[in-house]
1. Look at S278 and say whether it is within 23 Å of the chain's Cα centre (by Cα) and surrounded by fewer than 19 Cβ atoms within 10 Å (Cβ to Cβ).
2. If the requirement is being in contact with a strand residue (DSSP E or B) (Cβ under 8 Å, 6 or more places away or on another chain) and modelled with pLDDT under 95, which of these qualifies: L297, L282, L236?
3. Of the residues S5, S56, only one is closer than 23 Å to E189 by Cβ, modelled with pLDDT under 95 and touching a strand residue (DSSP E or B) at 6+ places or on another chain (Cβ under 8 Å); which?
4. Can you pull out every residue in the range 238-275 that is more than 17 Å from the chain's Cα centre (by Cα) and either outside the structural domain of Y305 (by TED's automatic domain parsing) or free of Cβ contacts under 8 Å to residues at least 40 places away in the same chain (or both)?
5. Does the range 119-158 hold any residues that are outside any loop (DSSP other than H, G, I, E, B) and of a type in the set (G, A, S), and which are they?
6. Could you figure out which of (1) farther than 22 Å from D244 by Cα; (2) crowded, with 24+ Cβ neighbours inside 10 Å; (3) not polar (S, T, N, Q) isn't true of I114?
7. Does L236 satisfy the condition of being in contact with a helix residue (DSSP H, G or I) (Cβ under 9 Å, 6 or more places away or on another chain), at negative phi, outside any strand (DSSP E or B) and crowded, with 17+ Cβ neighbours inside 10 Å?
8. Across the range 154-173, which residue is farthest from I23 (Cα to Cα) among those that are exposed (fewer than 12 other Cβ atoms within 10 Å of the Cβ) and in contact with a Leu (Cβ under 8 Å, 6 or more places away or on another chain)?
Amino acid sequence: MEIGSFLELDLRESGEYFQSESIIRLNSARAGIYHAMRIYGCRKIYIPYYQCPTVSAFLRSKQIEIEYYHIDKEFEPLNVRQSENSVMLLVNYFGIMSMDKMQKMSEKYSNVIIDNSAAFYMSPLSGCLNVYSARKFFGVPDGCYVIGKNVNNYESEYRQDYSSDTASFLFKRIEYGCSSTYSDRMKNEHRIDESDILLMSDLTKALLSGINYESIAEKRRVNFLIAHRLFKEMNLIDPTVFMDQHNIPMVYPLVVKSKKLLDGLRENEIYTGRWWNSVLKLVSENSFESFLSNYMLPIPIDQRYKLNQIEYVYKTVVDLMDKYDED
């Protein structure tokens, strides 16, 4: 039994999820954030330390000035004094932040970008530019949406992306499984890492037009609640306190003080990972970001799984924690 890692194809008929007229389809969320900065006309951005390092790397390649900020235990910015003509990036962590929470945070700043990479189903906030990542939720090789006022500016400047040459991992996983095709998946990741800002590939657009979004949302919602029922007693954070009935999370963020657990899960073919260990080089040991980078495990709760798989993950975690306590 293999748990976690990348998603396979979802081929159904439904049409794209977002139908807004104020939308642009790009190749990656990092490109979407840069595009949003162009829309605002700013060359400086405030971003959290606890954030995927590919975002800051891409922005630096565009000569964007970056200022980092810390977050508190409520996942809100700490001590940010935003300068004029700058952008504030707010992250919907794990997809567990309600729209009301994100709205209240955004009202404290100007030129706000909402990073909904982990919250595909979150409705766009008015007065902000909203960035979504398709491949965090569905089996597609690339894809980002940016929604908000004037987002179609500069669209004619971007070249078309092509993803079919590195999309074979989506097909191979069906026949060969995750472990045997992971290297193919990483070729696609490398392609994205090396790409400039591009328009969404036609392959991804076609795949996103054939997904049963309602069914996937319900499966993720149910699986998250199952995971929370199982893990809540051991979890050092309560991810439900920031949520409302509309949240469809990307993962279940399990925080337990064990650095061995990741390797133990991998040995049991449960593929997850530490998010953004590079953060540890930027923050102090007693920071909230360090705590999350060291101990948060994103438990898969996506549309591939049902009760028995999530219970299997839980039982494996419990068995490993008991084993490590004995050690």
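The values are calculated or read from the model by the stated rules, or taken from the named source; none is laboratory data. Not measured: the values here are computed from a predicted model. Ideal geometry is used to build each Cβ from the backbone, glycine not excepted, and the neighbour counts take in all protein chains shown.
1. Yes.
2. Values: L297 fails: modelled with pLDDT under 95; L236 fails: modelled with pLDDT under 95.
That would be L282, the only listed residue that is in contact with a strand residue (DSSP E or B) (Cβ under 8 Å, 6 or more places away or on another chain) and modelled with pLDDT under 95.
3. Numbers: S56 fails: modelled with pLDDT under 95.
Every option except S5 fails the conditions.
4. Correct list: D238, V241, Q245, K257, K259, L262, D263, R266, E267.
5. First, the residues of the range 119-158 that are outside any loop (DSSP other than H, G, I, E, B): 129-133, 144-147, 155-157.
Matches in the range 119-158: S133, S156.
6. (1)
7. Numbers: in contact with a helix residue (DSSP H, G or I) (Cβ under 9 Å, 6 or more places away or on another chain): yes; at negative phi: yes; outside any strand (DSSP E or B): yes; crowded, with 17+ Cβ neighbours inside 10 Å: no.
It is false that L236 is in contact with a helix residue (DSSP H, G or I) (Cβ under 9 Å, 6 or more places away or on another chain), at negative phi, outside any strand (DSSP E or B) and crowded, with 17+ Cβ neighbours inside 10 Å.
8. Kept after step one, since they are exposed (fewer than 12 other Cβ atoms within 10 Å of the Cβ), are these residues of the range 154-173: 156-157, 159-160, 164-165.
Adding the requirement that they be in contact with a Leu (Cβ under 8 Å, 6 or more places away or on another chain) leaves 159-160, 164.
Working: R159: 17, Q160: 16, S164: 24 Å.
Filtering the range 154-173 for residues that are exposed (fewer than 12 other Cβ atoms within 10 Å of the Cβ) and in contact with a Leu (Cβ under 8 Å, 6 or more places away or on another chain), the one farthest from I23 (Cα to Cα) comes out as S164.
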